Amino acid sequence: MEKVLEQPAETSVSEIQKIFDAQKDNYLQVGSTTASQRRAKLKKLHQTIEDYRPQIKEAMYQDYRKHPSEVDLTEVYPITSEIKHARRKLGNWMGKHSVSTPIALLGSSSHVRYEPKGMVLIISPWNFPFNLTFGPLVSAIAAGNSVIIKPSEMTPHSSALMVKLLAEVFDQNEVAVIEGGKDTSTELLALKFNHIFFTGSPNVGKIVMAAAAKHLTSVTLELGGKSPTIVDKTADLKMAARRVAWGKYLNNGQVCIAPDYVYVHESKKAEFVEEVNKAIANFYTETASDESSYSRIVNQKHFDRIKSYVDDAVDKGAKVESGGKFDSSQNYISPTVMTDVSNESKLMTNEIFGPIMPIFTFKDLDEAIDQINSREKPLALYIFSKSNKKINYILKNTRAGGGCINHTSVQFFNTNLPFGGSNNSGIGKGHGYAGFKSFSNARGILRQHIPNAVELLLPPYTKFTQKLIDLTIKWF
Ligand code: NAD
(Lines give C-alpha, C1' and ligand atoms only; values in the text may rest on other atoms or scores of the structure.)
Protein backbone atom coordinates (compact mmCIF):
# COMPACT_ATOMS: atom_id res chain seq x y z
CA MET A 1 0.00 0.00 0.00
CA GLU A 2 1.53 3.27 -1.05
CA LYS A 3 1.12 6.27 1.19
CA VAL A 4 0.97 9.58 -0.58
CA LEU A 5 1.10 11.73 2.54
CA GLU A 6 3.55 11.34 5.39
CA GLN A 7 2.53 12.03 8.97
CA PRO A 8 1.89 15.76 9.43
CA ALA A 9 4.67 17.86 10.94
CA GLU A 10 4.28 19.15 14.49
CA THR A 11 2.65 22.59 14.68
CA SER A 12 4.82 25.33 16.18
CA VAL A 13 4.09 26.63 19.66
CA SER A 14 3.62 30.18 18.31
CA GLU A 15 1.02 29.01 15.76
CA ILE A 16 -0.84 27.09 18.48
CA GLN A 17 -0.79 30.13 20.76
CA LYS A 18 -2.02 32.39 17.95
CA ILE A 19 -5.08 30.21 17.33
CA PHE A 20 -5.74 29.78 21.05
CA ASP A 21 -5.62 33.57 21.58
CA ALA A 22 -7.96 34.16 18.63
CA GLN A 23 -10.48 31.75 20.17
CA LYS A 24 -10.05 33.38 23.57
CA ASP A 25 -11.13 36.70 22.03
CA ASN A 26 -14.18 35.09 20.46
CA TYR A 27 -15.50 32.29 22.68
CA LEU A 28 -18.03 34.44 24.55
CA GLN A 29 -19.63 35.52 21.26
CA VAL A 30 -19.74 31.88 20.14
CA GLY A 31 -21.36 30.96 23.44
CA SER A 32 -24.05 33.63 23.26
CA THR A 33 -25.53 32.24 20.04
CA THR A 34 -29.17 31.17 19.86
CA ALA A 35 -30.45 27.68 19.10
CA SER A 36 -31.31 28.67 15.55
CA GLN A 37 -27.82 30.11 14.94
CA ARG A 38 -26.24 26.87 16.19
CA ARG A 39 -28.65 24.83 14.08
CA ALA A 40 -27.55 26.83 11.03
CA LYS A 41 -23.89 26.04 11.77
CA LEU A 42 -24.69 22.34 12.11
CA LYS A 43 -26.66 22.42 8.87
CA LYS A 44 -23.72 23.94 7.03
CA LEU A 45 -21.40 21.32 8.53
CA HIS A 46 -23.82 18.57 7.43
CA GLN A 47 -23.96 19.90 3.87
CA THR A 48 -20.18 20.22 3.65
CA ILE A 49 -19.71 16.65 4.87
CA GLU A 50 -22.18 15.49 2.18
CA ASP A 51 -20.24 17.48 -0.44
CA TYR A 52 -16.96 15.94 0.72
CA ARG A 53 -18.18 12.33 0.90
CA PRO A 54 -16.14 11.19 -2.11
CA GLN A 55 -12.99 12.82 -0.71
CA ILE A 56 -13.59 11.29 2.73
CA LYS A 57 -13.79 7.84 1.13
CA GLU A 58 -10.64 8.50 -0.89
CA ALA A 59 -8.71 9.70 2.18
CA MET A 60 -9.72 6.66 4.19
CA TYR A 61 -8.76 4.33 1.36
CA GLN A 62 -5.35 6.00 1.26
CA ASP A 63 -4.99 5.72 5.02
CA TYR A 64 -5.82 2.02 5.44
CA ARG A 65 -7.83 0.76 2.51
CA LYS A 66 -11.16 1.09 4.17
CA HIS A 67 -14.02 0.11 1.86
CA PRO A 68 -16.08 3.14 0.71
CA SER A 69 -19.35 1.56 1.90
CA GLU A 70 -17.85 0.95 5.33
CA VAL A 71 -16.73 4.61 5.35
CA ASP A 72 -20.33 5.67 4.68
CA LEU A 73 -21.66 3.34 7.35
CA THR A 74 -19.12 3.93 10.12
CA GLU A 75 -17.69 7.38 9.41
CA VAL A 76 -20.34 9.45 7.63
CA TYR A 77 -23.65 8.08 8.95
CA PRO A 78 -22.78 8.39 12.68
CA ILE A 79 -21.91 12.07 12.14
CA THR A 80 -24.90 12.99 9.99
CA SER A 81 -27.29 11.20 12.37
CA GLU A 82 -25.64 12.99 15.31
CA ILE A 83 -26.15 16.34 13.53
CA LYS A 84 -29.80 15.60 12.71
CA HIS A 85 -30.47 14.53 16.29
CA ALA A 86 -28.78 17.64 17.74
CA ARG A 87 -30.65 19.97 15.38
CA ARG A 88 -33.98 18.38 16.33
CA LYS A 89 -33.36 18.50 20.08
CA LEU A 90 -31.30 21.66 20.51
CA GLY A 91 -34.22 23.94 21.44
CA ASN A 92 -35.13 21.64 24.29
CA TRP A 93 -31.54 21.04 25.43
CA MET A 94 -30.80 24.79 25.54
CA GLY A 95 -34.08 25.69 27.24
CA LYS A 96 -34.79 26.13 30.92
CA HIS A 97 -35.13 22.78 32.70
CA SER A 98 -37.44 23.39 35.64
CA VAL A 99 -36.94 21.35 38.79
CA SER A 100 -39.32 21.01 41.74
CA THR A 101 -39.08 23.08 44.91
CA PRO A 102 -38.83 21.52 48.40
CA ILE A 103 -41.46 22.77 50.89
CA ALA A 104 -38.75 24.45 52.99
CA LEU A 105 -38.05 26.74 50.01
CA LEU A 106 -41.70 27.52 49.25
CA GLY A 107 -42.01 30.85 47.46
CA SER A 108 -39.15 30.16 45.06
CA SER A 109 -38.72 28.32 41.76
CA SER A 110 -35.63 26.63 40.35
CA HIS A 111 -34.28 25.64 37.00
CA VAL A 112 -31.17 24.30 35.31
CA ARG A 113 -29.72 25.91 32.20
CA TYR A 114 -26.87 24.43 30.21
CA GLU A 115 -24.25 27.06 29.47
CA PRO A 116 -21.23 26.48 27.21
CA LYS A 117 -18.04 25.43 28.96
CA GLY A 118 -16.14 27.87 26.69
CA MET A 119 -12.95 26.86 24.91
CA VAL A 120 -12.65 23.14 24.34
CA LEU A 121 -10.00 20.79 22.98
CA ILE A 122 -10.87 17.59 21.11
CA ILE A 123 -8.05 15.06 20.68
CA SER A 124 -8.98 12.13 18.47
CA PRO A 125 -7.57 8.71 17.48
CA TRP A 126 -6.92 7.21 14.05
CA ASN A 127 -9.29 4.25 14.01
CA PHE A 128 -12.42 6.22 12.98
CA PRO A 129 -10.79 9.55 12.21
CA PHE A 130 -13.89 11.42 10.97
CA ASN A 131 -16.50 9.79 13.18
CA LEU A 132 -14.52 10.27 16.41
CA THR A 133 -13.54 13.86 15.62
CA PHE A 134 -16.76 15.22 14.14
CA GLY A 135 -19.03 13.34 16.57
CA PRO A 136 -17.76 15.26 19.62
CA LEU A 137 -17.44 18.38 17.46
CA VAL A 138 -21.20 18.30 16.82
CA SER A 139 -21.89 18.15 20.58
CA ALA A 140 -19.38 20.94 21.25
CA ILE A 141 -20.95 23.22 18.63
CA ALA A 142 -24.46 22.41 19.84
CA ALA A 143 -23.37 23.39 23.35
CA GLY A 144 -21.93 26.72 22.08
CA ASN A 145 -18.19 26.23 22.47
CA SER A 146 -15.18 27.26 20.45
CA VAL A 147 -13.17 24.20 19.48
CA ILE A 148 -9.58 23.24 18.75
CA ILE A 149 -9.22 19.78 17.21
CA LYS A 150 -6.04 17.69 17.25
CA PRO A 151 -6.62 14.69 14.97
CA SER A 152 -4.38 11.63 14.95
CA GLU A 153 -1.13 11.88 13.02
CA MET A 154 -1.47 8.22 11.98
CA THR A 155 -4.16 8.90 9.38
CA PRO A 156 -2.58 11.84 7.53
CA HIS A 157 -4.96 11.87 4.54
CA SER A 158 -7.98 12.09 6.81
CA SER A 159 -6.30 14.70 9.00
CA ALA A 160 -5.39 16.93 6.02
CA LEU A 161 -8.92 16.66 4.66
CA MET A 162 -10.39 17.72 8.01
CA VAL A 163 -8.33 20.92 7.87
CA LYS A 164 -9.73 21.71 4.41
CA LEU A 165 -13.32 20.73 5.13
CA LEU A 166 -13.66 22.59 8.41
CA ALA A 167 -11.99 25.72 7.02
CA GLU A 168 -14.93 25.94 4.60
CA VAL A 169 -17.43 25.96 7.44
CA PHE A 170 -15.77 27.84 10.30
CA ASP A 171 -13.33 30.65 10.96
CA GLN A 172 -10.31 29.54 12.96
CA ASN A 173 -11.39 31.69 15.89
CA GLU A 174 -14.36 29.34 16.27
CA VAL A 175 -13.26 25.87 15.08
CA ALA A 176 -9.63 25.14 14.19
CA VAL A 177 -7.77 21.94 13.35
CA ILE A 178 -4.19 21.74 14.58
CA GLU A 179 -2.28 18.84 13.03
CA GLY A 180 0.62 17.00 14.60
CA GLY A 181 1.54 14.16 16.91
CA LYS A 182 2.57 13.78 20.53
CA ASP A 183 4.52 17.08 20.72
CA THR A 184 1.66 19.16 19.35
CA SER A 185 -0.74 17.36 21.67
CA THR A 186 1.53 18.07 24.65
CA GLU A 187 1.70 21.79 23.77
CA LEU A 188 -2.07 21.96 23.47
CA LEU A 189 -2.54 20.17 26.78
CA ALA A 190 -0.45 22.83 28.51
CA LEU A 191 -3.06 25.48 27.61
CA LYS A 192 -5.94 26.44 29.87
CA PHE A 193 -8.96 24.98 28.10
CA ASN A 194 -12.36 24.77 29.79
CA HIS A 195 -12.91 21.17 28.71
CA ILE A 196 -10.93 18.42 27.01
CA PHE A 197 -12.64 15.60 25.13
CA PHE A 198 -10.07 12.90 24.51
CA THR A 199 -10.59 9.66 22.60
CA GLY A 200 -7.71 7.20 22.66
CA SER A 201 -5.86 4.69 24.78
CA PRO A 202 -6.09 4.47 28.59
CA ASN A 203 -2.33 5.20 28.89
CA VAL A 204 -2.55 8.49 27.02
CA GLY A 205 -5.86 9.19 28.81
CA LYS A 206 -3.90 9.30 32.08
CA ILE A 207 -1.47 11.85 30.57
CA VAL A 208 -4.41 13.97 29.41
CA MET A 209 -6.08 13.86 32.82
CA ALA A 210 -2.85 14.79 34.61
CA ALA A 211 -2.34 17.78 32.27
CA ALA A 212 -5.99 18.85 32.72
CA ALA A 213 -5.60 18.68 36.51
CA LYS A 214 -3.05 21.52 36.38
CA HIS A 215 -5.83 23.91 35.28
CA LEU A 216 -8.73 22.03 36.90
CA THR A 217 -10.03 21.55 33.37
CA SER A 218 -12.87 19.05 33.15
CA VAL A 219 -12.37 16.00 30.93
CA THR A 220 -14.32 13.45 28.98
CA LEU A 221 -12.10 10.44 28.35
CA GLU A 222 -13.31 7.95 25.75
CA LEU A 223 -10.84 5.11 26.23
CA GLY A 224 -10.54 1.46 25.29
CA GLY A 225 -9.81 -1.94 26.73
CA LYS A 226 -10.93 -5.53 26.35
CA SER A 227 -14.67 -5.81 25.69
CA PRO A 228 -15.88 -9.35 26.42
CA THR A 229 -18.69 -11.37 24.84
CA ILE A 230 -20.62 -14.16 26.54
CA VAL A 231 -22.47 -16.71 24.42
CA ASP A 232 -24.56 -18.96 26.64
CA LYS A 233 -26.00 -22.34 25.70
CA THR A 234 -29.46 -20.94 24.94
CA ALA A 235 -28.11 -18.51 22.30
CA ASP A 236 -28.88 -18.75 18.60
CA LEU A 237 -25.32 -19.76 17.65
CA LYS A 238 -25.47 -18.96 13.97
CA MET A 239 -26.77 -15.46 14.64
CA ALA A 240 -24.32 -14.93 17.52
CA ALA A 241 -21.34 -16.08 15.44
CA ARG A 242 -22.29 -13.81 12.54
CA ARG A 243 -22.74 -10.75 14.74
CA VAL A 244 -19.61 -11.37 16.80
CA ALA A 245 -17.60 -11.89 13.59
CA TRP A 246 -19.00 -8.68 12.11
CA GLY A 247 -18.10 -6.70 15.25
CA LYS A 248 -14.64 -8.30 15.44
CA TYR A 249 -13.50 -7.90 11.83
CA LEU A 250 -15.15 -4.56 11.04
CA ASN A 251 -12.42 -1.98 10.39
CA ASN A 252 -9.98 -4.90 10.71
CA GLY A 253 -10.71 -5.21 14.41
CA GLN A 254 -9.45 -1.68 15.04
CA VAL A 255 -12.57 -0.69 16.97
CA CYS A 256 -12.71 0.40 20.61
CA ILE A 257 -15.97 -1.50 21.19
CA ALA A 258 -15.04 -4.59 19.16
CA PRO A 259 -15.75 -7.86 20.97
CA ASP A 260 -12.17 -8.44 22.14
CA TYR A 261 -12.59 -12.06 23.33
CA VAL A 262 -15.46 -14.54 23.61
CA TYR A 263 -16.68 -16.90 26.33
CA VAL A 264 -18.91 -19.63 24.89
CA HIS A 265 -20.58 -22.50 26.76
CA GLU A 266 -18.28 -25.51 26.47
CA SER A 267 -21.03 -27.68 24.90
CA LYS A 268 -21.29 -25.17 22.03
CA LYS A 269 -17.64 -24.39 21.34
CA ALA A 270 -17.09 -26.56 18.24
CA GLU A 271 -20.33 -25.38 16.65
CA PHE A 272 -19.59 -21.74 17.48
CA VAL A 273 -16.08 -21.90 15.95
CA GLU A 274 -17.55 -23.49 12.83
CA GLU A 275 -20.24 -20.80 12.55
CA VAL A 276 -17.68 -18.01 13.02
CA ASN A 277 -15.59 -19.49 10.20
CA LYS A 278 -18.67 -19.66 7.98
CA ALA A 279 -19.49 -16.03 8.76
CA ILE A 280 -15.92 -14.96 7.89
CA ALA A 281 -16.10 -16.80 4.55
CA ASN A 282 -19.47 -15.22 3.93
CA PHE A 283 -18.34 -11.66 4.67
CA TYR A 284 -14.93 -11.71 3.04
CA THR A 285 -14.79 -14.87 0.85
CA GLU A 286 -12.07 -17.43 1.57
CA THR A 287 -9.33 -14.98 0.65
CA ALA A 288 -9.79 -11.78 2.58
CA SER A 289 -6.47 -10.45 1.24
CA ASP A 290 -8.06 -9.99 -2.20
CA GLU A 291 -11.28 -8.72 -0.77
CA SER A 292 -11.97 -5.01 -0.90
CA SER A 293 -14.52 -5.18 1.97
CA TYR A 294 -11.68 -5.98 4.36
CA SER A 295 -9.52 -3.09 5.64
CA ARG A 296 -5.85 -3.21 6.51
CA ILE A 297 -3.93 -2.59 9.72
CA VAL A 298 -3.18 1.12 9.94
CA ASN A 299 0.62 0.85 9.88
CA GLN A 300 3.66 -1.40 10.26
CA LYS A 301 3.98 -0.66 13.98
CA HIS A 302 0.51 -1.96 14.73
CA PHE A 303 0.95 -4.87 12.28
CA ASP A 304 4.11 -5.94 14.16
CA ARG A 305 2.37 -5.48 17.51
CA ILE A 306 -0.55 -7.76 16.62
CA LYS A 307 1.71 -10.37 15.01
CA SER A 308 3.83 -10.46 18.15
CA TYR A 309 0.66 -11.09 20.24
CA VAL A 310 -0.32 -14.05 18.03
CA ASP A 311 3.22 -15.51 18.03
CA ASP A 312 3.39 -15.17 21.81
CA ALA A 313 -0.02 -16.87 22.26
CA VAL A 314 1.05 -19.76 19.99
CA ASP A 315 4.32 -20.10 21.95
CA LYS A 316 2.19 -20.39 25.11
CA GLY A 317 0.06 -23.20 23.63
CA ALA A 318 -2.73 -21.48 21.69
CA LYS A 319 -4.26 -23.10 18.63
CA VAL A 320 -5.01 -21.15 15.43
CA GLU A 321 -8.45 -22.45 14.39
CA SER A 322 -8.59 -20.37 11.22
CA GLY A 323 -6.76 -17.49 9.53
CA GLY A 324 -3.37 -16.64 10.98
CA LYS A 325 -2.02 -15.31 7.66
CA PHE A 326 0.21 -12.22 7.68
CA ASP A 327 1.50 -10.12 4.79
CA SER A 328 3.64 -7.22 5.97
CA SER A 329 3.89 -5.74 2.45
CA GLN A 330 0.28 -4.55 2.77
CA ASN A 331 -0.23 -4.69 6.56
CA TYR A 332 -2.66 -7.55 5.99
CA ILE A 333 -3.73 -9.93 8.76
CA SER A 334 -6.42 -12.45 7.86
CA PRO A 335 -9.51 -12.84 10.05
CA THR A 336 -8.16 -15.15 12.74
CA VAL A 337 -9.82 -17.39 15.34
CA MET A 338 -7.80 -18.83 18.23
CA THR A 339 -8.56 -21.24 21.08
CA ASP A 340 -6.63 -22.52 24.11
CA VAL A 341 -5.19 -19.03 24.60
CA SER A 342 -3.35 -18.51 27.88
CA ASN A 343 -4.65 -15.67 30.03
CA GLU A 344 -0.99 -14.76 30.57
CA SER A 345 -0.34 -14.26 26.84
CA LYS A 346 0.04 -10.74 25.43
CA LEU A 347 -3.15 -11.30 23.48
CA MET A 348 -5.03 -11.35 26.79
CA THR A 349 -3.01 -8.86 28.81
CA ASN A 350 -3.49 -6.13 26.16
CA GLU A 351 -6.36 -4.72 24.13
CA ILE A 352 -6.05 -6.66 20.83
CA PHE A 353 -7.24 -3.91 18.45
CA GLY A 354 -6.85 -6.22 15.45
CA PRO A 355 -8.66 -9.09 13.67
CA ILE A 356 -7.88 -11.86 16.18
CA MET A 357 -10.70 -13.61 18.07
CA PRO A 358 -9.70 -15.67 21.13
CA ILE A 359 -12.47 -18.06 22.14
CA PHE A 360 -12.71 -19.44 25.69
CA THR A 361 -15.22 -21.85 27.20
CA PHE A 362 -17.15 -22.03 30.46
CA LYS A 363 -19.18 -24.73 32.18
CA ASP A 364 -20.76 -22.50 34.76
CA LEU A 365 -21.65 -18.87 33.93
CA ASP A 366 -19.90 -17.65 37.09
CA GLU A 367 -16.54 -18.86 35.70
CA ALA A 368 -16.88 -16.47 32.76
CA ILE A 369 -18.17 -13.67 34.99
CA ASP A 370 -15.28 -14.10 37.43
CA GLN A 371 -12.73 -13.94 34.61
CA ILE A 372 -14.35 -10.80 33.18
CA ASN A 373 -14.52 -9.16 36.60
CA SER A 374 -10.85 -9.92 37.24
CA ARG A 375 -9.99 -7.44 34.45
CA GLU A 376 -10.49 -3.68 34.15
CA LYS A 377 -14.08 -2.52 33.54
CA PRO A 378 -14.62 -2.81 29.78
CA LEU A 379 -16.04 -0.22 27.41
CA ALA A 380 -18.67 -2.73 26.26
CA LEU A 381 -19.96 -6.16 27.22
CA TYR A 382 -21.98 -8.30 24.82
CA ILE A 383 -24.40 -11.04 25.80
CA PHE A 384 -25.90 -13.63 23.48
CA SER A 385 -28.71 -15.55 25.17
CA LYS A 386 -32.42 -16.30 24.92
CA SER A 387 -32.79 -16.47 28.69
CA ASN A 388 -33.87 -13.22 30.37
CA LYS A 389 -32.83 -14.72 33.69
CA LYS A 390 -29.27 -15.28 32.44
CA ILE A 391 -29.12 -11.88 30.74
CA ASN A 392 -30.20 -10.11 33.93
CA TYR A 393 -27.80 -12.20 36.00
CA ILE A 394 -24.88 -11.16 33.78
CA LEU A 395 -25.92 -7.49 33.74
CA LYS A 396 -26.28 -7.46 37.53
CA ASN A 397 -22.98 -9.18 38.23
CA THR A 398 -20.68 -7.37 35.78
CA ARG A 399 -19.74 -3.75 35.12
CA ALA A 400 -19.18 -2.09 31.72
CA GLY A 401 -19.53 1.27 29.97
CA GLY A 402 -22.31 -0.08 27.74
CA GLY A 403 -23.02 -2.97 25.42
CA CYS A 404 -25.65 -5.01 23.58
CA ILE A 405 -27.83 -8.02 24.13
CA ASN A 406 -27.83 -10.29 21.08
CA HIS A 407 -25.68 -7.96 18.97
CA THR A 408 -22.29 -6.26 19.01
CA SER A 409 -21.17 -2.64 18.48
CA VAL A 410 -24.52 -1.24 17.28
CA GLN A 411 -25.13 0.54 20.59
CA PHE A 412 -22.80 3.19 19.14
CA PHE A 413 -25.41 4.11 16.53
CA ASN A 414 -28.23 5.00 18.89
CA THR A 415 -27.87 8.73 19.56
CA ASN A 416 -30.33 8.39 22.48
CA LEU A 417 -27.87 6.22 24.40
CA PRO A 418 -25.01 7.75 26.38
CA PHE A 419 -21.76 6.33 25.01
CA GLY A 420 -18.57 5.86 27.01
CA GLY A 421 -16.67 3.74 29.46
CA SER A 422 -16.24 3.48 33.19
CA ASN A 423 -12.91 4.13 34.96
CA ASN A 424 -10.18 2.44 32.87
CA SER A 425 -12.42 2.42 29.78
CA GLY A 426 -13.42 6.05 30.19
CA ILE A 427 -14.78 8.95 32.20
CA GLY A 428 -17.90 10.84 31.11
CA LYS A 429 -20.18 10.17 28.16
CA GLY A 430 -20.65 11.32 24.59
CA HIS A 431 -23.38 11.23 21.91
CA GLY A 432 -26.69 13.10 21.78
CA TYR A 433 -27.86 14.76 24.97
CA ALA A 434 -25.02 13.13 26.95
CA GLY A 435 -22.49 14.73 24.57
CA PHE A 436 -24.21 18.11 24.79
CA LYS A 437 -24.08 17.91 28.60
CA SER A 438 -20.38 16.94 28.58
CA PHE A 439 -19.61 20.21 26.80
CA SER A 440 -21.92 22.27 29.05
CA ASN A 441 -22.00 23.45 32.62
CA ALA A 442 -25.31 22.65 34.31
CA ARG A 443 -26.00 26.00 35.94
CA GLY A 444 -28.52 25.64 38.76
CA ILE A 445 -30.59 28.79 39.42
CA LEU A 446 -33.04 29.46 42.23
CA ARG A 447 -35.35 32.47 41.87
CA GLN A 448 -36.96 33.90 44.98
CA HIS A 449 -40.47 35.20 44.30
CA ILE A 450 -41.96 35.96 47.72
CA PRO A 451 -40.41 35.94 51.19
CA ASN A 452 -40.17 32.37 52.41
CA ALA A 453 -39.60 30.42 55.60
CA VAL A 454 -35.82 30.70 55.25
CA GLU A 455 -36.17 34.33 56.42
CA LEU A 456 -37.21 32.99 59.83
CA LEU A 457 -34.02 30.95 60.13
CA LEU A 458 -31.57 33.85 59.76
CA PRO A 459 -29.49 35.21 62.68
CA PRO A 460 -29.66 36.13 65.48
CA TYR A 461 -30.16 32.51 66.56
CA THR A 462 -32.68 32.67 69.36
CA LYS A 463 -34.35 29.74 71.13
CA PHE A 464 -37.32 30.27 68.81
CA THR A 465 -35.04 30.09 65.71
CA GLN A 466 -33.52 26.85 67.03
CA LYS A 467 -37.04 25.38 67.47
CA LEU A 468 -37.82 26.25 63.85
CA ILE A 469 -34.51 24.70 62.70
CA ASP A 470 -35.35 21.53 64.67
CA LEU A 471 -38.80 21.39 63.06
CA THR A 472 -37.31 21.95 59.60
CA ILE A 473 -34.83 19.09 60.07
CA LYS A 474 -37.59 16.86 61.43
CA TRP A 475 -40.31 17.54 58.85
CA PHE A 476 -38.82 18.91 55.60
P1 NAD B 1 -3.60 7.04 21.33
O2 NAD B 1 -3.98 7.21 22.76
O3 NAD B 1 -2.25 6.53 21.02
O4 NAD B 1 -3.71 8.44 20.55
C5 NAD B 1 -4.87 9.24 20.61
C6 NAD B 1 -4.49 10.69 20.40
O7 NAD B 1 -3.59 11.09 21.44
C8 NAD B 1 -3.77 10.98 19.08
O9 NAD B 1 -4.30 12.17 18.54
C10 NAD B 1 -2.32 11.13 19.48
O11 NAD B 1 -1.60 12.03 18.67
C12 NAD B 1 -2.40 11.67 20.89
N13 NAD B 1 -1.27 11.25 21.72
C14 NAD B 1 -0.54 10.11 21.61
N15 NAD B 1 0.40 10.05 22.57
C16 NAD B 1 0.27 11.18 23.30
C17 NAD B 1 0.97 11.70 24.44
N18 NAD B 1 1.98 11.03 25.00
N19 NAD B 1 0.57 12.90 24.92
C20 NAD B 1 -0.45 13.57 24.38
N21 NAD B 1 -1.13 13.13 23.30
C22 NAD B 1 -0.79 11.95 22.76
O23 NAD B 1 -4.76 6.14 20.69
P24 NAD B 1 -4.87 5.57 19.22
O25 NAD B 1 -3.81 4.55 19.00
O26 NAD B 1 -4.98 6.70 18.26
O27 NAD B 1 -6.31 4.86 19.29
C28 NAD B 1 -6.49 3.58 19.80
C29 NAD B 1 -7.01 3.60 21.22
O30 NAD B 1 -8.14 4.45 21.33
C31 NAD B 1 -7.50 2.24 21.67
O32 NAD B 1 -7.16 2.03 23.02
C33 NAD B 1 -9.00 2.34 21.52
O34 NAD B 1 -9.75 1.43 22.29
C35 NAD B 1 -9.24 3.76 21.91
N36 NAD B 1 -10.48 4.25 21.33
C37 NAD B 1 -11.52 4.56 22.16
C38 NAD B 1 -12.73 4.99 21.62
C39 NAD B 1 -13.92 5.34 22.48
O40 NAD B 1 -14.85 5.93 21.94
N41 NAD B 1 -13.93 5.01 23.75
C42 NAD B 1 -12.85 5.10 20.25
C43 NAD B 1 -11.76 4.78 19.45
C44 NAD B 1 -10.58 4.38 20.00
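In table form, for the structure just shown:
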{"quantity": "Selection from I149, G323, N441 lying farthest towards where the dipole of the chain points positive, charges on Cβ", "calculated": "N441"}
{"quantity": "Debye intensity ratio I(q)/I(0), log10, the stretch 1-113, q values 0.13 Å⁻¹ (C-alpha model)", "calculated": "-0.84"}
{"quantity": "Dipole magnitude (debye, nearest 20) for the stretch 247-289, charges at Cβ of Lys, Arg, Asp, Glu", "calculated": "80"}
{"quantity": "Percent accessible area from carbon and sulfur atoms, the stretch 144-289, protein chains only, probe 1.4 Å", "calculated": "53"}
{"quantity": "Relative contact order (%) - the chain, alpha-carbon pairs under 8 angstrom, separation at least six", "calculated": "19"}
{"quantity": "At most 16 other Cβ within 10 Å, DSSP loop - trypsin sites (Lys or Arg not before Pro), the stretch 348-457", "calculated": "K363, R375, K386, R399"}
{"quantity": "Of K226/K363; K84/K233; K44/K377, pairs whose Cα-Cα distance is over 31 Å", "calculated": "K84/K233; K44/K377"}
{"quantity": "Other-chain or far-sequence residues with amide H under 5 Å of V177's (modelled H)", "calculated": "I149"}
{"quantity": "Sequence-distant aspartates and glutamates (8 or more away, or on other chains) whose Cα lies within less than 18 Å of K307", "calculated": "D260, D315, E321, D327, D340, E344, E351"}
{"quantity": "Dipole magnitude of the stretch 228-420, debye to nearest 20 (Cβ charges: Lys/Arg +1, Asp/Glu -1, about Cα centre)", "calculated": "560"}
{"quantity": "Distance cut-off 16 Å, percentage of C-alpha pairs in the stretch 142-221 lying past it", "calculated": "54"}
{"quantity": "Placed amide H near I230: partners under 5 Å, 5+ positions off or other chain", "calculated": "Y263, Y382, I383, F384"}
{"quantity": "Accessible-area composition of the stretch 73-132, carbon plus sulfur, in percent [1.4 Å probe]", "calculated": "54"}
{"quantity": "Accessible carbon and sulfur surface of the stretch 312-445 relative to its total accessible area, %, 1.4 Å", "calculated": "46"}
{"quantity": "Cα-based shape type of the chain, given that a ≥ b ≥ c are square roots of the gyration tensor eigenvalues and the cut on a/c is 1.5", "calculated": "oblate"}
{"quantity": "Cα-centred dipole magnitude for the stretch 61-141, charges only on beta-carbon of K, R (+1) and D, E (-1), debye, nearest 20", "calculated": "340"}
{"quantity": "Cα lying deepest toward the dipole's positive end in the chain, options P129, V262, W475, charges on Cβ", "calculated": "W475"}
{"quantity": "Burial ranking of peptide ranges 219-230, 415-426 (average Cβ count within 10 Å, highest at the top)", "calculated": "219-230, 415-426"}
{"quantity": "Estimated [θ] at 222 nm from DSSP helical runs (n ≥ 4, -39500 (n - 2.57)) normalised by residues in the chain, nearest 500", "calculated": "-13500 deg cm²/dmol"}
{"quantity": "Cα centroid of the stretch 224-242 to Cα centroid of the stretch 346-382, whole Å", "calculated": "11"}
{"quantity": "Residue-normalised accessible area of the chain, expressed per residue, 1.4 Å probe, Å²", "calculated": "45"}
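The values are calculated or read from the model by the stated rules, or taken from the named source; none is laboratory data. Model, not experiment: these values are computed from the prediction. Heads up, the Cβs are rebuilt from the backbone with ideal geometry, glycines too, and the neighbour counts pull from every protein chain shown. Areas reflect the complete protein model, heavy atoms only, side chains present, ligands, DNA and RNA absent. Shrake-Rupley method; radii C 1.70, N 1.55, O 1.52, S 1.80 Å.
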